[in-house]
Each structure stands twice: as structure tokens, then as C-alpha cells.
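Undergrad: Questions regarding the structure given below will be posed in turn.
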Amino acid sequence: MKRFLLLFLLTSYPGLSQTTDSTAIGTLPPKSDFKYGLMAELGLTFTSTSLPQIRSFFRSNEIEPAGHLDPLINFGVGGRYQRLKLMIQTGFRFGFTALPREESALVAKKVNVGYTGALLGYDVVNSRNRRLYINAGIGGVAYEYSVYRRTNQVVPFQSVLQYNQAGNIPSLRLTNNFWDVNIEYSQREKRKQSIEHVLRLGYRRGIRANAWDSDAFQLTGAPTDRISQFYFQGTYYFSSNYRKLGK
């Protein structure tokens, strides 16, 4: 009897412990199944922009242009239906332009950079924790430069309106409509109210070349540019998600 009881305990304990452990380890939360989603996003965009014709004009006239890189603050709103998503975005430049130290140098300073666009995307990878979207869209972008000469000349403020410095161009402006493609890597929504981080790598290209113009005067014979722009975005989604419409 004692031998039977000892054998029973030895064989039953491992079996019970194995059943308990496998249950604890093997249980995973179900994949979220929110059918609809509304979202707002906030983040940063870093662009590398090619405007060859205006930069050629700057170089030929010994004007020091601002760099190719632009940091922009990005805002967006959109909605998702199952695996399809639409986003409306806008962004504008922030920060300071690095200028040459030399006095009497002509410099071209960016005074305005901004864009607005719409993206339509489909998540080609739809896993438990991540989504990978292919996005395509259209939009418009604007660049504006001011050209002036840096000097140490003292000018009374009362006379500043009468002061006319050689080489100054108060406004050079370009607007381009563009097409846009990007790859987006994002966290999958897990709750009804959720925050997810999003990364995008993309390319924009002007639909056609446009002539530079000015807010200060009418230009004729101005160079034309078709924008070419690689960019990286890092943003956060603030989303509200629903399993049924209105719920």
C-alpha cells in the first residue's frame, strides 16, 4: 500500500505541474479587431530637397544658399476602415538657418517652407502588434527665399525704408504640386483610446516644373524648378477605435 501511494504521488505531481505551466505560458491576448478608427498625429519631418535651377542661380551670382535639409513640424488627421487608411497632413519649417560668418556675403535665407497633402494607404502587413502600410498621395509645397547682403553697416531705424542695399531680393517663391509615396511602419491599436508611434520613409516629386515668382514684384524669365524631396517622418497617433460604426 505504501509503495502504491508513493508511486501515485511521483507520477501524478509532474503531470499536474505540466498542465498548469503550459496553460499559463500558452495563453496570449486575442488580436485586436477594431473595424474603424479616427486619428490625429503630431510629429517631425526631416526632408532633403533638390531645387537645382534656383541653386544654380545662387552659385552663379556668388550667393550662399541655405542647406538642403529642412526640419518640419507635422500635423495630420485621418481615418481607417479595416486595412485602408486616409490621412490629411500639413507641415511647416521650424528652427534657424545657418548663415556664413563672412561679412559682405550675399546669403539666401529660407523664410518659409510648408506643405499640405493627402495620403491613401493599405497595410500589406497586418500582424498582432504591427502594421506596415504602403501609402500614395498628392499635395502642394511652397518654398520662399530672401536674399540679402550681411554687413556691419549702421542704419538708423528712421531711415531704414530709404536704405536700398545692392543685391537684395526681398522675396523668391516657388509652389509645386507633387505626388508622394512612402512606407509606413506603425504600432497596432490595442485599445479604444490608444497612442501609437509611426515611422515613414518617403519620396515626393513635383508634377511639373514651375517658375519662381515674388511677393514683391512681377518676375519675367525666372528659372523653373520641379521639386524632388526625400523625407523621414516620426509621429505619434492619437486614435479612437471602434468595432462597429458609432460604438
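The values are calculated or read from the model by the stated rules, or taken from the named source; none is laboratory data. As the structure is a computational prediction, the values presented were derived from the model and not from experiment. FYI the Cβ positions are ideal-geometry reconstructions off the backbone, even for glycines, and counts take in every protein chain you see. For the accessible areas, the whole protein counts, side chains as well, though only heavy atoms, and no ligand, DNA or RNA atoms are used. Shrake-Rupley method; radii C 1.70, N 1.55, O 1.52, S 1.80 Å.
Undergrad: Kindly indicate whether Val107 is open to solvent by 30 Å² or more (accessible area, probe 1.4 Å), among the β-branched types (Val, Ile, Thr) and more than 22 Å from the chain's Cα centre (by Cα).
TA: No.
Undergrad: Which ones in the range 205-218 are loosely packed, with under 14 Cβ neighbours inside 10 Å and acidic (Asp, Glu)?
TA: Asp215
Undergrad: So, in the range 219-236, exactly how many residues are hydroxyl-bearing (Ser, Thr, Tyr), open to solvent by 10 Å² or more (accessible area, probe 1.4 Å) and more than 21 Å from Ser171 (Cβ to Cβ)?
TA: Matching residues across the range 219-236 total 2.
Undergrad: Return the total of residues in the range 119-131 being among the aliphatic types (A, V, I, L, M) and either surrounded by fewer than 15 Cβ atoms within 10 Å (Cβ to Cβ) or in contact with a helix residue (DSSP H, G or I) (Cβ under 6 Å, 6 or more places away or on another chain) (or both).
TA: Selection size over the range 119-131: 2.
Undergrad: For Val198, all conditions in the list (1) within 26 Å of the chain's Cα centre (by Cα); (2) more than 21 Å from Phe94 (Cβ to Cβ) hold save one; what is the number of the exception?
TA: Val198 satisfies all of (1) within 26 Å of the chain's Cα centre (by Cα); (2) more than 21 Å from Phe94 (Cβ to Cβ) except (2).
Undergrad: Could you pull out the residue among Glu144, Glu196 that is open to solvent by less than 10 Å² (accessible area, probe 1.4 Å), of a type in the set (D, E, K, R) and outside any loop (DSSP other than H, G, I, E, B)?
TA: Residue meeting the stated conditions: Glu196.
Undergrad: Another question about this same structure. List every residue pair whose Cβ atoms lie under 8 Å apart, where the two residues are 6 or more positions apart in sequence or sit on different chains, the first residue falls within the range 151-172 and is touching a residue at least 40 places away in the same chain (Cβ under 8 Å), and the second residue, located anywhere, is in a helix (DSSP H, G or I).
TA: If the second residue must be in a helix (DSSP H, G or I), the pairs left are Leu172/Ile54.
Undergrad: Let me ask you something else. Considering each residue of the range 151-189, count those that are outside any strand (DSSP E or B) and either surrounded by fewer than 15 Cβ atoms within 10 Å (Cβ to Cβ) or in contact with a helix residue (DSSP H, G or I) (Cβ under 8 Å, 6 or more places away or on another chain) (or both), and give that number.
TA: Going through the range 151-189 one residue at a time, the tally reaches 18.
Undergrad: I need every pair where a residue in the range 223-239 that is farther than 30 Å from Ile195 by Cβ has its Cβ under 6 Å from the Cβ of a residue that is open to solvent by less than 10 Å² (accessible area, probe 1.4 Å) and of a type outside the set (A, V, I, L, M), sequence separation at least 6 or different chains.
TA: Pro223/Trp212; Arg226/Gly206; Ile227/Asn176; Ile227/Gly206
Undergrad: Counting residues that are within 20 Å of Gly167 (Cβ to Cβ) and at pLDDT below 95, which strands (runs of 3 or more DSSP E) fully inside the range 59-99 reach at least 3?
TA: In the range 59-99, 63-65 are the strands (runs of 3 or more DSSP E) which contain 3 or more residues that are within 20 Å of Gly167 (Cβ to Cβ) and at pLDDT below 95.
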